[in-house]
Amino acid sequence: MEEPQEDAVPGDGAIEGGVQPPKATAFPPGFSISEIKNKQRRHLMFTRWKQQQRKEKLAAKKKLKKEREALGDKAPPKPVPKTIDNQRVYDETTVDPNDEEVAYDEATDEFAPYFNRETSPKILITTSDRPHGRTVRLCHQLSTVIPNSHVYYRRGLALKKIIPQCISRDFTDLIVIHEDRKIPNGLILSHLPNGPTAHFKMSSVRLRKEIKRRGKDPTEHVPEIILNNFTTRLGHSIGRMFASLFPHNPQFIGRQVATFHNQRDYIFFRFHRYIFKSEKKVGIQELGPRFTLKLRSLQKGTFDSKYGEYEWVHKPREMDTSRRKFHL
């Protein structure tokens, strides 16, 4: 006896008599694809549903475009798409440029001598004990980005012993890059001689050779610096800390820019060279390195892990209750 064959169900991808199944299917309002138990048919119906959604969206977009062209200048403004950034929860510490209290605090804080041009930056860059090649290369590449910076090996010295030596040699900032399993994963930035000290988590590190379509190695010109989206009092302090690493007068002839872009409390560092293609068009070349920072803590004074007083500490369980709440 021959085994009975199952009939092909329309829409399940079977071909009967050489006729292809219909490409578009109108789905009823209460239709749920997840209720289909056959995996192949469920996948086929899902792809058709996605195609139908795309066609409807494209048709609505074309209709709206024709209506706007017909109305001309009387057309209503385009709606602003909702994103996590523009739906951000309001922070009471957001800095107002005309706030007298903020202006007074900035005139008397630890960075005031730099912004008053009383001091010039001099940076010491070092690593954790026994660094590996990737961390050492990152330090040397950072020294080509930050003018007047010097790379020294740690040699097992504690930071409490390094900081007094830095102060006696007129260093204004100390950068320490930590690593885990041969990968850089942390950065400590301490402003000397009176602090503050910031601890960052470092991720997504890319050295120059790992960046595609990068430009030639940077020159010794002093770069310009861009600080973007540091809006709160805490973010303002972090932005001023980054600004104090670079000299005041950039050399525009070098066309080099160091960017610290804050987005959702992640600080993206990029180093570019811009090129004038015409009077209206400008091209950019990334020079590297690149990395991402996430603030973990801000400590008053210089580094002191035991008795240090912290201005701000990131506590995920208490602070990360909303995706729309940011601190920088």
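The values are calculated or read from the model by the stated rules, or taken from the named source; none is laboratory data. What you see is a predicted model; the values in this text were computed from it and never measured. Because the Cβ atoms are built from the backbone with ideal geometry, glycine has one as well, and the counts that use them run over all protein chains shown. Side chains included, ligands, DNA and RNA excluded: accessible areas come from the protein's heavy atoms. Shrake-Rupley method; radii C 1.70, N 1.55, O 1.52, S 1.80 Å.
Descriptive notes on the structure:
For every residue, the table says whether it meets (1) part of a loop (DSSP other than H, G, I, E, B); (2) at negative phi; (3) in contact with a strand residue (DSSP E or B) (Cβ under 9 Å, 6 or more places away or on another chain); (4) free of Cβ contacts under 8 Å to residues at least 40 places away in the same chain.
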residue	(1), (2), (3), (4)
270	no, yes, yes, yes
294	no, yes, yes, no
304	yes, yes, yes, no
328	yes, yes, yes, no
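- Checklist (1) assigned to a helix (DSSP H, G or I); (2) open to solvent by 80 Å² or more (accessible area, probe 1.4 Å) applied to residue 113, failing item: (2)
- Taking the criterion of being open to solvent by 70 Å² or more (accessible area, probe 1.4 Å) and either part of a strand (DSSP E or B) or of a type in the set (A, V, I, L, M) (or both), the residues of the stretch 168-198 that qualify are 180, 183.
- The set of residues from the stretch 31-46 being part of a helix (DSSP H, G or I), exposed (fewer than 10 other Cβ atoms within 10 Å of the Cβ) and either of a type outside the set (Asp, Glu) or in contact with an Asp or Glu (Cβ under 8 Å, 6 or more places away or on another chain) (or both) comprises 34, 39.
- Residue in the stretch 146-158 that is free of Cβ contacts under 8 Å to residues at least 12 places away in the same chain and of a type in the set (A, V, I, L, M, F, W, C) present: yes
- Every pair of residues 6+ apart whose Cβ atoms lie under 7 Å, when the first sits in the stretch 231-248 and is touching a residue at least 40 places away in the same chain (Cβ under 8 Å) while the second is crowded, with 20+ Cβ neighbours inside 10 Å and in a helix (DSSP H, G or I): 244/114
- Residues located in the stretch 312-326, provided they are in contact (Cβ under 8 Å) with a residue 60 or more places away in the chain and open to solvent by 40 Å² or more (accessible area, probe 1.4 Å): 312, 322, 323, 324, 325
- Test: residue in the stretch 78-96 that is over 32 Å from the mean Cα position of the chain (by Cα), open to solvent by less than 60 Å² (accessible area, probe 1.4 Å) and not acidic (Asp, Glu): no
- Residues within the stretch 163-221 that are touching a residue at least 40 places away in the same chain (Cβ under 8 Å), basic (Lys, Arg) and on the phi > 0 side of the Ramachandran plot, tallied: 2
- Count of the stretch 240-264 residues which are in a loop (DSSP other than H, G, I, E, B) and either more than 20 Å from residue 106 (Cβ to Cβ) or of a type outside the set (Phe, Trp, Tyr) (or both): 9
- Every pair of residues 6+ apart whose Cβ atoms lie under 7 Å, when the first sits in the stretch 274-288 and is in contact (Cβ under 8 Å) with a residue 40 or more places away in the chain and under 15 Å from residue 210 (Cβ atoms) while the second is loosely packed, with under 10 Cβ neighbours inside 10 Å and of a type in the set (S, T, N, Q): none
- Residue, farthest from residue 187 (Cα to Cα), within the stretch 275-311, restricted to residues that are among the small types (Gly, Ala, Ser) and either exposed (fewer than 13 other Cβ atoms within 10 Å of the Cβ) or touching a helix residue (DSSP H, G or I) at 6+ places or on another chain (Cβ under 9 Å) (or both): 278
- Total residues in the stretch 58-77 satisfying the condition of being surrounded by fewer than 10 Cβ atoms within 10 Å (Cβ to Cβ) and not in a helix (DSSP H, G or I): the figure is 2.
- Selected residue [out of contact with any Cys (no Cβ under 9 Å at 6 or more places or on another chain), at pLDDT 85 or above and at negative phi] from 70, 75, 24: 70
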